[in-house]
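Structure first, then comments.
The values are calculated or read from the model by the stated rules, or taken from the named source; none is laboratory data. Bear in mind the structure is a predicted one, so any value in this text is a computation, not a measurement. Neighbour counts run over all protein chains shown; Cβ positions are idealised from the backbone, glycine included.
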Amino acid sequence: MKSLMLVIVLLFSVSCAQVRSVSQTSIPTKRGTLVKAEVKNNIFFFFNFNTTYLNELSAQLSSKCEKGSVEGILTKDVVVTYFPIIFYQEQISAEGFCVN
């Protein structure tokens, strides 16, 4: 019985991070300031209750570069598993150069 409890405790105390995708657009020759944005989404038991969180990412990037455009955008999709099956978090980050 103790070994079963130990296995259960170890199973649910393991966490890991995994990069699912990385993409980048072409980098401009005249680089401005570097702007960054990140959104996170918590998921319980594989039920995703918020499907519009990605819309905030482009709004965050454009608000940091109001007088120009963001180019050379690098995006990362990272999944962090805190408790397997029970709870994990998707973290989407983007960074690019503000070009006037």
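Each row is one residue, and each column tells you yes or no for (1) at pLDDT 90 or above; (2) in contact with a helix residue (DSSP H, G or I) (Cβ under 8 Å, 6 or more places away or on another chain); (3) of a type in the set (A, V, I, L, M).
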| position | (1), (2), (3) |
| --- | --- |
| S23 | no, no, no |
| K30 | no, no, no |
| L34 | yes, no, yes |
| E38 | yes, yes, no |
| F47 | no, no, no |
| T51 | no, no, no |
| L61 | yes, no, yes |
| G68 | no, no, no |
| T81 | no, no, no |
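Checking the conditions here, which among V19, V9 is assigned to a strand (DSSP E or B) and either under 30 Å from N100 (Cα atoms) or β-branched (V, I, T) (or both)?
V19
Looking only at the stretch 73-88, which residues are farther than 30 Å from T25 by Cβ and in a strand (DSSP E or B)?
Y82, F83, F87
List pairs: first in the stretch 48-72 and farther than 19 Å from V22 by Cα, second modelled with pLDDT under 90 and part of a loop (DSSP other than H, G, I, E, B), Cβ under 7 Å, 6+ apart or cross-chain?
Correct list of pairs: K67/N100; G68/G32; G68/N100.
Please determine, by comparing only the residues of the stretch 17-33 that are more than 15 Å from Q91 (Cα to Cα) and hydroxyl-bearing (S, T, Y), which one is nearest to the chain's Cα centre (by Cα).
T25
Step by step: first the residues of the stretch 34-75, then only those that are among the small types (G, A, S) and either closer than 14 Å to Y88 by Cβ or surrounded by 13 or more Cβ atoms within 10 Å (Cβ to Cβ) (or both), then the one that is farthest from the chain's Cα centre (by Cα). Which residue is that?
This residue is G68.
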